[in-house]
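Below: one structure, written as structure tokens.
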Amino acid sequence: MPLTVATWNINSIRPRIGIVTRFLDRYRPDILCLQEIKCATELFPLGIFHERGYAHVFVNGQPGYHGVAIASKRPFLDTAIRSFCGKADARHQRVAVRDGSDTICLHNFYVPAGGDEPDPAVNEKFAHKLAFLDEMASWLNGGETDGAAILLGDLNVAPYENDVWSHRQLLKVVSHTPVETEGLEMLRRSGGWLDAVRHFVPADRKLYTWWSYRAADWNASDRGRRLDHIWVTPTLAPRLAGIEVVRATRGWQRPSDHVPVIARLV
DNA sequence: ATGGCTAACAACGTTAGA
């Protein structure tokens, strides 16, 4: 049964209602996973989803920071939230959806950004990020990745050389340091996950999903990073039919600094 | 040449993002 899944770090849902509805009306994914909704669960704008056929919306929010949400046309067989690093900070949620006679497990993640200084001894945010990735790895290796599963979200790491505008200049910048890129790669491989985007886009082609708000002209300077990912288990790999990074949304009115990534399964 | 931007909060300044 065909399934289209999208991930988008929306950087606050409330000021982005215009671009979210524009995206949904144009791309109509079956499931949209959002990160950084930055609002309490009860303040999430359910109406814009319900009006468009997304009858099933699972929100894990909190005031001000982080927060994730999944809007789906298909019902959820099951929903769950996990806390990482002993913090209930709204960075994860899991749903299960029916897929023919099978079940697909979908994990939506917002990995900590990690602050400025890439040294866990002096920067507790960076230490938190590394601990979070470690805990993801051990948890996902405990049988979470058996069968049909999708792991997506803002993983806040640009793992490969062409996932950043300058590999050399970003080696000491949080999101592309070796401890992060190697850690994410270990996590991906140990779980047997396939990077659905790089499955279609050659490793030597630059590809980004995030551009800083501070650039005078984000499109012209094009100093981006690929921080947002969609991974699938080997069971689903043969069904991957295509991906799309919707770069154009970065130029829409009141944009997020991240753009959506879409995967199509047949 | 990383920061020049953007948002939330109970607040017109601080914190966070990456």
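Here the range A:5-22 is the region considered, the condition is being surrounded by fewer than 19 Cβ atoms within 10 Å (Cβ to Cβ) and of a type in the set (S, T, Y), and the residue that is farthest from A:D228 (Cα to Cα) is A:T21. Looking at the range A:136-151, can you tell me whether even one residue there is over 30 Å from A:G100 (Cα atoms), surrounded by 15 or more Cβ atoms within 10 Å (Cβ to Cβ) and among the β-branched types (V, I, T)? Scanning the range A:136-151 turns up no residue that is over 30 Å from A:G100 (Cα atoms), surrounded by 15 or more Cβ atoms within 10 Å (Cβ to Cβ) and among the β-branched types (V, I, T).
Please enumerate the residues belonging to the range A:211-225 that are surrounded by 13 or more Cβ atoms within 10 Å (Cβ to Cβ), of a type outside the set (A, V, I, L, M, F, W, C) and not in a loop (DSSP other than H, G, I, E, B). Answer for the range A:211-225, where residues must be surrounded by 13 or more Cβ atoms within 10 Å (Cβ to Cβ), of a type outside the set (A, V, I, L, M, F, W, C) and not in a loop (DSSP other than H, G, I, E, B): A:G224, A:R225. Name every residue in the range A:83-110 that is free of Cβ contacts under 8 Å to residues at least 24 places away in the same chain and in contact with a Phe, Trp or Tyr (Cβ under 8 Å, 6 or more places away or on another chain), in order of residue number. Scanning the range A:83-110 gives a single hit, A:A96. Reported count of residues in the range A:172-193, each being among the hydrophobic types (A, V, I, L, M, F, W, C) and farther than 16 Å from A:K129 by Cβ, is 1.
With respect to being more than 16 Å from DNA strand B (Cβ to nearest atom) and over 16 Å from A:F109 (Cβ atoms), A:L194 fits the description.
Of these, A:Q253, A:Q169, which one is within 29 Å of A:D134 (Cβ to Cβ) and surrounded by fewer than 17 Cβ atoms within 10 Å (Cβ to Cβ)? Sole residue among the options that is within 29 Å of A:D134 (Cβ to Cβ) and surrounded by fewer than 17 Cβ atoms within 10 Å (Cβ to Cβ): A:Q169. Of the residues contained in the range A:140-155, one or more are found to be touching a residue at least 60 places away in the same chain (Cβ under 8 Å), in contact with a helix residue (DSSP H, G or I) (Cβ under 7 Å, 6 or more places away or on another chain), under 13 Å from A:D228 (Cα atoms) and of a type outside the set (F, W, Y). Here is the figure for the range A:20-47: residues that are of a type in the set (A, V, I, L, M) and within 15 Å of DNA strand B (Cβ to nearest atom) total 5.
If you take the residues of the range A:172-192 that are in contact with a helix residue (DSSP H, G or I) (Cβ under 8 Å, 6 or more places away or on another chain) and free of Cβ contacts under 8 Å to residues at least 60 places away in the same chain, which of them is surrounded by the most Cβ atoms within 10 Å (Cβ to Cβ)? In this case the residue turns out to be A:H176.
Go through the residues of the range A:236-244 one by one and say whether even a single one is closer than 30 Å to A:D102 by Cβ and assigned to a loop (DSSP other than H, G, I, E, B). I'd like the intermediate steps shown before the answer.
So the first thing to find is which residues in the range A:236-244 are closer than 30 Å to A:D102 by Cβ, and the list is A:236-244.
Add one more test, that the residue is assigned to a loop (DSSP other than H, G, I, E, B), and what stays is A:236.
There is at least one residue in the range A:236-244 that is closer than 30 Å to A:D102 by Cβ and assigned to a loop (DSSP other than H, G, I, E, B).
Among the aliphatic types (A, V, I, L, M), within 16 Å of DNA strand B (Cβ to nearest atom), closer than 20 Å to A:D154 by Cα and without any contact (Cβ under 8 Å) to a residue 60 or more places away in the chain - does that describe any residue in the range A:7-19? The answer is yes, given that some residue of the range A:7-19 is among the aliphatic types (A, V, I, L, M), within 16 Å of DNA strand B (Cβ to nearest atom), closer than 20 Å to A:D154 by Cα and without any contact (Cβ under 8 Å) to a residue 60 or more places away in the chain. Considering only residues that are over 16 Å from the mean Cα position of the chain (by Cα), hydrophobic (A, V, I, L, M, F, W, C) and more than 10 Å from DNA strand B (Cβ to nearest atom), which ones fall in the range A:211-266? Matches in the range A:211-266: A:A220, A:L236, A:A237, A:L240, A:A241, A:A248, A:W252, A:L265, A:V266. Scanning the range A:178-210 for residues that are part of a loop (DSSP other than H, G, I, E, B), under 18 Å from the mean Cα position of the chain (by Cα) and at pLDDT 95 or above yields A:W193, A:V201, A:L207, A:Y208, A:T209. Tallying residues that are closer than 26 Å to A:R264 by Cα, more than 12 Å from DNA strand B (Cβ to nearest atom) and not in a loop (DSSP other than H, G, I, E, B) within the range A:125-177 yields 12.
The values are calculated or read from the model by the stated rules, or taken from the named source; none is laboratory data. Computed from a predicted model, the values in this text were never measured in an experiment. Cβ: placed from backbone, ideal geometry, glycine included. Neighbour counts: every protein chain shown.
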